[in-house]
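Only one structure is covered here, and it is reproduced in the block below.
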Amino acid sequence: MSLIELATVRLKPHYTVPVSPSFTETWSHALHDVSSAAGIPFHLYHSINDKSVYYLLGGWPTGADHISFLSTPGAVDLAKAIGQFMTVDIVRHISGDIAPFGPRSEREFLRVSVYKVPIAHAGKWEREWMRDGGAGGWDESATVQKQHAAFRKMGEVTGSEGAFGGTDGQTFKTWIWIETARDNPKEKAAERSDEIGTETFEMEYAIG
């Protein structure tokens, strides 16, 4: 199963915007390592609304590829890049393939939509998803991140243990869709349901 990795990270209070050259250098090195390991580009974005919030976005051919990376020096560099400058709000692993999403020039500005879908409606939701363009799927964080102790170790190194682990989804499943912010998404009837919780945020390319 291909995975999209989307982590929300936040500058520590004593770091200011614009960021220092050491921030850019450290993150450029870490993103190069993780992109080389994955074979899929990883980029760092910043929030349109809050410049202290960043998003790490990339992907893995399989969950096994991701787990293998966690025991490499590149993973240590990534953890240090996060831990030195940032705290982690949440790490999401999504069942989907971001590789064919297009070149970086087509992802300068992205919109992320997060839908909380009641378990009883999950099958219908997936069957009826009709949006063209973009990438995404179900949030599989709980399944992926509990498979290996290295995820817990990553949380410890970055001082953000609570961000790793995901939600078991006893009452709902989370569907996440990523698309260019230039697109004007067509609202589906399912999205208008009072039973579907929706969160949307936009981000702009920064490094990688």
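Worth pointing out:
- Cβ-based net charge around residue 11, under 10 Å, with every Lys or Arg adding one and every Asp or Glu removing one: +2
- Residue-wise HN-Hα coupling along region 46-57, computed from phi with Karplus coefficients 6.51, -1.76, 1.60 (Hz; x: Gly, Pro): 10, 5, 5, 8, 9, 5, 7, 9, 10, 10, 8, 10
- Exceeding the 32 Å Cα-Cα cut-off - candidates 51/173; 51/124; 80/124: 51/124; 80/124
- Backbone amide hydrogens, once placed in the peptide plane, bring residue 86 within less than 5 Å of 12, excluding anything fewer than 5 places away on its chain.
- Evaluating 6.51 cos²θ - 1.76 cosθ + 1.60 at θ = phi - 60° for every residue in region 196-201, the Karplus couplings come out as 9, x, 10, 10, 10, 9 Hz, glycine and proline recorded as x.
- Sorted by Cβ neighbour density within 10 Å, fewest at the top, the residues 42, 69: 69, 42
- Neighbours of residue 138, meaning other residues whose beta-carbon lies under 9 angstrom from its beta-carbon, give a summed charge of -2 when Lys and Arg score +1 and Asp and Glu score -1.
- Region 1-67 shape via C-alpha gyration tensor axes, a/c threshold 1.5: prolate
- Residues whose amide H falls under 5 Å from that of residue 173, counting only those 5 or more places apart or on a different chain, are 117, 119, with hydrogens built in the peptide plane.
- Within-15-Å neighbourhood charge of residue 34 [Cβ basis; K, R +1; D, E -1]: -3
We did not get these values from a lab; they are worked out from the coordinates using the rules stated. Treat the numbers as computed from the prediction; the structure is a model and nothing was measured. Here the Cβ is made from the backbone with ideal geometry for all residues, glycine too, and neighbour counts use every protein chain on show.
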